[in-house]
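The values are calculated or read from the model by the stated rules, or taken from the named source; none is laboratory data. Note that this is a predicted model, so its numbers are computed, not measured. Here the Cβ positions follow ideal geometry from the backbone for every residue, glycine too, while neighbour counts run over all protein chains shown.
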Ligand SMILES: [Mg+2]
């Protein structure tokens, strides 16, 4: 069976800071948004101390002081540069790469052999190889989720990241999906988001497992075609493909969802600037020129 891989950098902004300041290893570290407003990245140590994502800095000042948490202002030029190095490293060893966000990329790998047993072994070993290369070349630790669809690869990535016994790689393909998806809130399914999650909760659909078993036609009606595709993807039917860049492309898309609201203009400005520079890089790599730039911002 073919596989999708989702590569995600661990605590990316914190990991970038640590590359240039190894003394920060094993210490609690947080990174604040551009205006030093909110926490936008946390090391595992800071997570364990109970610093929530997105909390305003002044609200965790006591915890910071008490545990001597190292605090950094965000440096998007540095993170963008590290992101490019990571994607460049990955590109050496893959055939189809989709840069999904500053610290995430999807890979597609066609079936390697007829033997599914050998495939299982191959994909996991290959993912471990990629982890090793990215760490060697950039110093950034990554986690890799593997699955028969993009949506399941996303789920697998969460498991790889949360449970250290998997050593950073988890393949969900032949696991018991009911047991795994039962532990996942419907909100945490890729693409569902908090608005649809609220709606689904109201209809008694609480977990990803509930969602997977819900009525296809009803989901299509209530959550549109995208929700329907997400449901099929959870069942193992691949509907979303790796958006590889090819020379025939008429447009280039660089997108990301923040996973939370962006309230500061400066943060928005820096993110948009970063994504435009990534798009420009892709454009140059293909010897193309852009006539129009469109920026979508969803409220
Ligand atoms: Mg990440």
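Find the residue count for the stretch 33-50, including only residues that are within 16 Å of the ligand (Cβ to nearest atom) and over 26 Å from residue 272 (Cβ atoms).
4
Might you check whether a residue that is under 30 Å from residue 119 (Cβ atoms) and either out of contact with any strand residue (DSSP E or B) (no Cβ under 6 Å at 6 or more places or on another chain) or surrounded by fewer than 22 Cβ atoms within 10 Å (Cβ to Cβ) (or both) occurs anywhere in the stretch 32-40?
no
Kindly list, by first and then second residue, each pair from a residue in the stretch 7-22 that is under 24 Å from residue 163 (Cβ atoms) to a residue that is within 9 Å of the ligand (Cβ to nearest atom) and part of a loop (DSSP other than H, G, I, E, B), limited to pairs with Cβ atoms under 8 Å and residues at least 6 apart or on different chains.
Going by the 8 Å Cβ cut-off, the qualifying pairs are 8/103; 9/103; 12/102; 12/103.
List the pairs whose first member sits in the stretch 95-110 and is in contact (Cβ under 8 Å) with a residue 24 or more places away in the chain and closer than 15 Å to residue 126 by Cα, whose second member is within 15 Å of the ligand (Cβ to nearest atom) and in a strand (DSSP E or B), and whose Cβ atoms are under 6 Å apart, counting only residues at least 6 apart or on separate chains?
From the stretch 95-110, the pairs are 97/105; 106/6; 106/100; 107/5.
Looking only at the stretch 73-83, how many residues end up being in a loop (DSSP other than H, G, I, E, B) and within 16 Å of the ligand (Cβ to nearest atom)?
Final tally of qualifying residues: 1.
Consider residue 146 against the criteria (1) assigned to a strand (DSSP E or B); (2) within 16 Å of the ligand (Cβ to nearest atom): it satisfies all of them except one. Which criterion is unmet?
Condition (2) is where residue 146 drops out.
Show the residue pairs that are 6+ apart or on different chains and have beta-carbon atoms under 6 Å apart, the first residue being within the stretch 69-81 and within 13 Å of residue 273 (Cα to Cα), the second being modelled with pLDDT of 90 or more.
79/13; 79/16
Identify all residues within the stretch 6-32 that are more than 16 Å from the ligand (Cβ to nearest atom), assigned to a loop (DSSP other than H, G, I, E, B) and in contact with a helix residue (DSSP H, G or I) (Cβ under 9 Å, 6 or more places away or on another chain); write none if there are none.
20, 25, 26, 27, 28
Residue by residue, here is whether (1) buried (at least 17 other Cβ atoms within 10 Å of the Cβ); (2) out of contact with any strand residue (DSSP E or B) (no Cβ under 9 Å at 6 or more places or on another chain) holds:
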{"residue": "130", "(1), (2)": "yes, no"}
{"residue": "141", "(1), (2)": "no, no"}
{"residue": "153", "(1), (2)": "yes, no"}
{"residue": "186", "(1), (2)": "yes, no"}
{"residue": "202", "(1), (2)": "no, yes"}
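Residues of the stretch 84-112 being in contact with a helix residue (DSSP H, G or I) (Cβ under 8 Å, 6 or more places away or on another chain) and part of a helix (DSSP H, G or I), which ones?
Listed by number, the residues that qualify are 84, 85, 86, 89, 90.
If you check 70, 59, 92, 114, which single one turns out to be away from the ligand (no atom under 16 Å from the Cβ) and crowded, with 17+ Cβ neighbours inside 10 Å?
Going through 70, 59, 92, 114 in turn, the sole match is 70.
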